Amino acid sequence: MKRPGKIVCVGRNYVEHARELGNEVPTEPLIFLKPPSSVIPDGAWIERPPQSTQVEHEGEIGVLIGKPLRRVSEQEALSGIAGIVAVNDVTARDLQRKDSQWTRAKGFDTFCPVGNVHEGPVDFNALELITKVNGEVRQRAHGSDMVFKIPMLLSFISHIMTLEPGDLVATGTPSGIGALRAGDTVEVTITGISRVRNPVRDVVQ
């Protein structure tokens, strides 16, 4: 997959994940951006930066945009989907708690592993998301567990900013987030659809 023009992410889109961080479920989608420079492919190193002592995984269902979406309805948004892709929204949790904005916590180089793109129709509610660390399941959820479903998210975002071909929308992470340490291997899978698997190391100076 080519580097996206922008990465629009959704926060607290699963009830149990909001609760595990002590947050309320938002009444409308909570969105933020990750920089395109954070993207890495399957197999590349996730690097833990020295600024953080609490780097965590966040497995997510990603949506690749195939045509411009501007102020579209939920039904119209469906025609703009080019594919579904596994995403790991790696987060420096200590910095996220420290900062009022999440750019630093979410924006380090290597903090957005992206898997292969699955093209073609899918049942969004049936999508199964699984995150493993060293082979142990940490997260498991389905698209039906989302507070705000994929068509609604795309419509909502398109009324704020135009989604353009190549953009990536990361739709939120379920409960089960946890630490990543040097030597770990983290794998995010959308069953039968997409996978991204990455080793972890500390930043090489």
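Just one of the numbered conditions (1) out of contact with any Gly (no Cβ under 8 Å at 6 or more places or on another chain); (2) surrounded by fewer than 19 Cβ atoms within 10 Å (Cβ to Cβ) is not true of GLU58; which one?
All conditions are met except number (2).
Rundown of residues vs (1) of a type in the set (S, T, N, Q); (2) surrounded by 20 or more Cβ atoms within 10 Å (Cβ to Cβ), yes/no style:
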residue: GLU119; (1), (2): no, no
residue: LEU129; (1), (2): no, yes
residue: THR173; (1), (2): yes, yes
residue: GLU187; (1), (2): no, yes
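Of all residues in region 146-187 being of a type in the set (A, V, I, L, M) and in contact with a Cys (Cβ under 9 Å, 6 or more places away or on another chain), which is farthest from LEU129 (Cα to Cα)?
Out of the qualifying residues, it is LEU168.
Please go through region 48-62 and pick out each residue that is over 16 Å from TRP102 (Cβ atoms) and in contact with an Asp or Glu (Cβ under 7 Å, 6 or more places away or on another chain).
Correct list: ARG48, THR53.
Count, please, the residues in region 100-148 that happen to be assigned to a helix (DSSP H, G or I), under 22 Å from SER52 (Cβ atoms) and more than 15 Å from the chain's Cα centre (by Cα).
Number satisfying all stated conditions: 1.
Search region 150-171 for residues being buried (at least 21 other Cβ atoms within 10 Å of the Cβ) and hydrophobic (A, V, I, L, M, F, W, C), and hand back the single one that is nearest to ALA92 (Cα to Cα).
Checked region 150-171; the qualifying residue nearest to ALA92 (Cα to Cα) is ALA170.
Any residue at all in region 43-52 that's surrounded by 24 or more Cβ atoms within 10 Å (Cβ to Cβ) and of a type in the set (Phe, Trp, Tyr)?
Within region 43-52, not a single residue is surrounded by 24 or more Cβ atoms within 10 Å (Cβ to Cβ) and of a type in the set (Phe, Trp, Tyr).
Exactly one condition in (1) part of a helix (DSSP H, G or I); (2) of a type outside the set (Lys, Arg); (3) within 22 Å of ASP145 (Cα to Cα) is not met by GLU76; state its number.
(3)
Restricting the search to region 131-142, which residues are crowded, with 19+ Cβ neighbours inside 10 Å and touching a Lys or Arg at 6+ places or on another chain (Cβ under 7 Å)?
Within region 131-142, THR131, ARG138 meet the criteria.
Any residue in region 116-137 that's over 19 Å from PRO41 (Cα atoms): show its pairings with residues that are loosely packed, with under 15 Cβ neighbours inside 10 Å and β-branched (Val, Ile, Thr) at Cβ separation under 7 Å, as long as the two are six or more apart or on different chains.
Close Cβ pairs satisfying both conditions: GLU128/THR191.
Which ranges mark the strands (runs of 3 or more DSSP E) fully within region 1-73 that have 3 or more residues being under 20 Å from LEU168 (Cβ atoms) and within 16 Å of the chain's Cα centre (by Cα)?
Filter on region 1-73 gives 7-11, 30-34, 59-65.
Since every read-out is calculated from the coordinates, none of them should be taken as a lab result. No experiment lies behind these values; they were computed from the predicted model shown. So basically every Cβ, Gly included, is an ideal-geometry build from the backbone, and we count neighbours across all protein chains shown.
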